[in-house]
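Here the structure is laid out as structure tokens; the discussion comes afterwards.
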Amino acid sequence: MDFLLTEDQELTRRTVREFAEKVIAPRSRELDQKQEFPLDIMKKLGEMGMLGIFFPQEYGGSGLGYRDYALIIEELARVDASIGLSVAAHNSLCSNHIFIAGTEEQKRRYLVPLAHGEKIGAWSLTEPTAGSDASGTRSTAARAGDGWALNGSKTFATHGSVCDVAVVFAVTDKSKGKHGISAFILEKGMTGFRPGRKEDKMGCRASDTAELVMQDCRVGPSQLLGREGEGFIDALRVLDGGRIGIGALAVGIAQGAFEQAIAYAKRREQFGQPIASFQAVQWMLADSAVEIDAARLLVQRAAFLRETGGEFGMAASMAKLFASEVAVRVADRAVQIHGGYGYVKDYPVERFYRDAKIATIGEGTSEIQRLVIARHLIGRAREQAP
């Protein structure tokens, strides 16, 4: 693994950073306060190829790798975690599930406009009674002619109230457990399919999160995504890659908060000198710098394994677990360094602090990541046993 960016990757980083600082940053506070989904910004990112990052060009994608993907999400989250989260979810969840499990016709019909940013995608596995235990899905898809009738509701769907296309999960055969859950592609305007309540969130407020409701939503066989009964199994594959994106999101949040803390510490004076000269502040900055670098390397390792065909599941969970908890710690230190000013909305660290927490929850909580890592370790030990 090469730790240096290629010329193309460096160009990508600079391009995204310039866009984020010039276009996104001036609007971040207002978007956060209004909980306003920035569709115009998302469209521009689509035109830049940021909504189909790792998909082949034949499906409208940019044909980049997962290391590029992690770099892009980090640069966006460094300025605005809401937009970083939306771009990550759009790429790695809805679009990626269609890419992984979809038919050629489904890829042409849905993935191409999603990758171009012409349509916004949602992906919804979670339900009010099925969070970490996603196999407890209660939404149903009953046979109706040659298709299905879907009933149920989903919660915490990123882009739930603004999506044009949504991948949802429903039980098609209760007797088969996790092998009885199927995935379906639904479209805005379908009879019986609508957004529900929009969530009023603590952080990442400009990234739309809402319920999705299905009431006798009838779909034909062309809307089944993947094999019947294998939707949940495909979802686990999708989540493995998605955790790389959340890890990168966390690194970006941490980096943004860290940079704000350094800048403030250098200009804020107390007792006749900048607070950056005080050992207590220096140690907080030093700890943050070390943890951010370590988190970034874990994310890049997972991305490297993913794009080179290696076993990346445990690496992705490790990266997501460590980076998300680093983001919370670094944002907390940044607020502390700002003192009372860190507690008011005039300073971005207040927003970074609120935004950071979602990384420890979304796409598998920290507790679930520890379980995933432990199962990999135990399984590896069994294989190596004499």
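The values are calculated or read from the model by the stated rules, or taken from the named source; none is laboratory data. Fair warning: this is a prediction, and the values are worked out from it, not measured in the lab. So basically every Cβ, Gly included, is an ideal-geometry build from the backbone, and we count neighbours across all protein chains shown. In case anyone asks, the SASA skips ligands and DNA or RNA and just uses the protein heavy atoms, side chains included. Shrake-Rupley method; radii C 1.70, N 1.55, O 1.52, S 1.80 Å.
General remarks:
- The condition of being open to solvent by 40 Å² or more (accessible area, probe 1.4 Å) and farther than 21 Å from LEU93 by Cβ holds for only one of ARG375, ARG354, that being ARG375.
- From the list CYS217, CYS204, the lone residue that is on the phi > 0 side of the Ramachandran plot and modelled with pLDDT of 95 or more is CYS204.
- Conditions (1) outside any helix (DSSP H, G or I); (2) on the phi < 0 side of the Ramachandran plot; number of the one not met by GLY49: (2)
- Segment 282-327, residues that are surrounded by 23 or more Cβ atoms within 10 Å (Cβ to Cβ) and in contact with a Ser or Thr (Cβ under 7 Å, 6 or more places away or on another chain): LEU321, SER324
- Odd one out for ILE368 among (1) surrounded by 17 or more Cβ atoms within 10 Å (Cβ to Cβ); (2) in contact (Cβ under 8 Å) with a residue 40 or more places away in the chain; (3) hydrophobic (A, V, I, L, M, F, W, C); (4) touching a helix residue (DSSP H, G or I) at 6+ places or on another chain (Cβ under 8 Å): (4)
- Qualifying residue in segment 64-85 (condition: in contact with an Asp or Glu (Cβ under 9 Å, 6 or more places away or on another chain), small (Gly, Ala, Ser), assigned to a loop (DSSP other than H, G, I, E, B) and surrounded by fewer than 24 Cβ atoms within 10 Å (Cβ to Cβ)): yes
- Options ASP80, ASP2, ASP32: the member that is of a type in the set (Asp, Glu) and within 17 Å of the chain's Cα centre (by Cα): ASP80
- SER132 under 18 Å from the mean Cα position of the chain (by Cα), buried (at least 22 other Cβ atoms within 10 Å of the Cβ) and at pLDDT below 95: no
- SER95 being surrounded by fewer than 23 Cβ atoms within 10 Å (Cβ to Cβ), hydroxyl-bearing (Ser, Thr, Tyr) and either part of a helix (DSSP H, G or I) or at pLDDT 95 or above (or both): no
- Total residues in segment 213-249 satisfying the condition of being in contact with a strand residue (DSSP E or B) (Cβ under 7 Å, 6 or more places away or on another chain) and closer than 30 Å to ARG296 by Cα: the figure is 3.
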